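None of the figures in this text is laboratory data; all of them are computed from the coordinates on show. Since the model is a prediction, treat every value here as computed from it, not as a measurement. So basically every Cβ, Gly included, is an ideal-geometry build from the backbone, and we count neighbours across all protein chains shown.
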Amino acid sequence: QVQVVESGGGLVQPGGSMRLSCAASGIAFRFFDMGWFRQAPGKERELVATISRRGNTNYVDSVKGRFTIARENAKNTMFLQMNSVKPEDTAIYYCKIFREQLNYWGQGTQVTVSS
């Protein structure tokens, strides 16, 4: 059974930093691409960043230079380092693990940026 679990969310002040983690089990982690998505209240879920099985990364323009996606295959874990956060980064952040026709989502972790 595949399990995908995000952690590390919470309340952070504008300009601060936060690190999200995504741990997966039940899959051959290193053969999958991975991504972080987020959904703010009243908005559609949007892509934040992806990292391929080869380690190639992509970011949505709004987080470029502030967020960093990384993966540690030996620990079946992916990370999102969020720096210089803004109130508009407030959302539920979801981890997605995927390849071909397979898609696995976590339950999400809330990130709130507020003073």
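Net charge dipole, the chain: roughly 260 debye, given to the nearest 20, about the Cα centre with Cβ charges of +1 for Lys and Arg and -1 for Asp and Glu.
For T90, nonlocal amide neighbours, meaning residues 5 or more places apart or on other chains whose placed amide H falls under 5 Å from its own, are V113. Taking amide H as placed 1.01 Å from N in the peptide plane, the amide H of V85 sits under 5 Å from that of G15, G16, each at least 5 places away or on another chain. For V48, nonlocal amide neighbours, meaning residues 5 or more places apart or on other chains whose placed amide H falls under 5 Å from its own, are W36, F37, R38. Across the chain, the relative contact order, built from alpha-carbon pairs under 8 Å that are at least six residues apart, equals 36 percent. Think of the chain as a dipole: +1 on every Lys or Arg Cβ, -1 on every Asp or Glu Cβ, centred on the Cα centre; then among C22, W105, G55, G55 lies furthest on the positive end. For the stretch 62-115, a simple Cβ point-charge model (Lys and Arg +1, Asp and Glu -1, everything else neutral) yields a dipole of about 120 debye relative to the Cα centre. Here the stretch 20-59 is scanned for amide nitrogen atoms under 12 Å from the site 7 Å beyond the Cα of E72 along Cα-to-Cβ, giving 21-23. Residues in the stretch 88-98 carry Karplus couplings, in order, of 6, 7, 4, 4, 8, 9, 10, 9, 10, 10, 7 Hz; the curve used is 6.51 cos²θ - 1.76 cosθ + 1.60 with θ = phi - 60°, and Gly or Pro positions show x.
Extending 7 Å from Cα along the Cβ direction at F31 and again at N58 yields two label points whose distance is 2.3 nm.
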